[in-house]
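A short write-up of the structure that comes next.
The values are calculated or read from the model by the stated rules, or taken from the named source; none is laboratory data. No experiment lies behind these values; they were computed from the predicted model shown. Neighbour counts run over all protein chains shown; Cβ positions are idealised from the backbone, glycine included. Ligands, DNA and RNA are excluded from the accessible area calculation, which covers all protein heavy atoms including side chains. Shrake-Rupley method; radii C 1.70, N 1.55, O 1.52, S 1.80 Å.
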Amino acid sequence: MAASSRKALARYLLQCHFRSLPPSNGLHRCVQSTLPLSTRITSTPSREVTLCGLQQCRNYAASQASAKKESKPAVEYMAEEPEDDVYMLKHYPPRVMSTDEALQKLRRKLAGSLEPNPNLDRTVNMNIALDMKLQKKKKVDPFQNLVLLPHRFKEDSKVLCFAKRPEDIQTAKDSGADIVGGTELFEDILNGLITFDHCVATPDIMADLQPLKKELRRRYPKSKRQSVSKNIPSMLNLHKRGQLYKCLKETVDVPIGKLSQSNEHIEENIKTIITAVVEHKPQKYWPFIKSVAISAHQLPAYKITFEHWLPEIEEEETEFEVFQLPW
């Protein structure tokens, strides 16, 4: 490359640097068009000059991107709630509120103020989002269990009790079991002639229930689900009046009451469910619950505060042993 051409190219790049103008993609072609015909470049620019031009382009692009980002106006949120059924979510982000405020909004959405009319009453459901991950990319296994709520809102479940000894059969009947029996019930269960919600059993008959394992599936009695026990009255009371909660794909959906109930009763039921759910993950891997929302049938969901219901984490005290040196 001639000395005059190199000077012209250097002058062009220097002007781009001071004016913050990007060199064109066709740098070689652009410089040739600005030079006289007698001094146009006939050879390819050197690698150092090309890299310098690319660096200038990158610096210009980065400065333009940052300027565009700074000049972008902040999103101004509109009214607290949309007036139409179709709206942009970015203008109405979900807001975390208290349980009283969320229940008031649900009642207002339903009918303004609830009257003692069963047609206007609806079940309140709670959705709990969980963090199922543990250390080393492990996860908490899906779980389900029963819990007795302090304020009931539904009818008793239908429970079948398997028992072998006559005294256990009589105890189950006295405790309110809907169906009580032993192996003589197998044929009716396999043919679908008996329907029930939960199935419990005494430990001495568990070896005889293997033929029903595929038919009962999740209703098959297990000790970890508290459906196998010698304490028949307590076991039947839990399965007849208890509320079932299940963890499916990192969420727990469970009914917690009726809109006709008082806020205090619903809050106590929520606290009971949250206390039972957090027991399925060790405290050292907390926090377990990410968010909690309540809703009703064909009504919107509202996120609520839940931190004040979480049990306190007990700090483990580390004990140090004192060793006496030999010297």
- Does Lys224 fit the bill of being over 30 Å from Glu267 (Cα atoms) and free of Cβ contacts under 8 Å to residues at least 60 places away in the same chain? no
- How many residues are out of contact with any His (no Cβ under 9 Å at 6 or more places or on another chain), of a type in the set (Gly, Ala, Ser) and surrounded by 15 or more Cβ atoms within 10 Å (Cβ to Cβ) when one looks only at the range 129-179? 4
- Could you grab me the full set of residues in the range 290-327 that are polar (S, T, N, Q), assigned to a loop (DSSP other than H, G, I, E, B) and modelled with pLDDT of 85 or more? Thr305
- Query: Under 7 Å by Cβ, and 6 or more places apart or on different chains, what pairs join a residue from the range 143-154 that is assigned to a strand (DSSP E or B) with one that is small (Gly, Ala, Ser)?
  - Reply: Asn145/Ala276; Leu146/Gly242; Val147/Gly242; Val147/Ala276
- Which one of these is modelled with pLDDT of 80 or more, small (Gly, Ala, Ser) and under 23 Å from Ser262 (Cα atoms): Ser113, Ser98? Ser98
- Unmet requirement for Asp208, which otherwise passes all of (1) farther than 30 Å from Leu248 by Cα; (2) buried (at least 18 other Cβ atoms within 10 Å of the Cβ); (3) touching a Ser or Thr at 6+ places or on another chain (Cβ under 7 Å): (2)
- Is it true that some residue in the range 194-209 is at pLDDT 90 or above, in contact with a Cys (Cβ under 9 Å, 6 or more places away or on another chain) and among the small types (Gly, Ala, Ser)? yes
- Among the residues of the range 232-289, count how many are more than 30 Å from Asp204 (Cβ to Cβ), modelled with pLDDT of 90 or more and of a type outside the set (A, V, I, L, M, F, W, C). 16
- Quick one: count up the residues across the range 253-288 that are more than 24 Å from Gln104 (Cα to Cα) and open to solvent by less than 40 Å² (accessible area, probe 1.4 Å). 5
- Within the range 228-244, is even one residue hydroxyl-bearing (Ser, Thr, Tyr) and open to solvent by less than 10 Å² (accessible area, probe 1.4 Å)? no
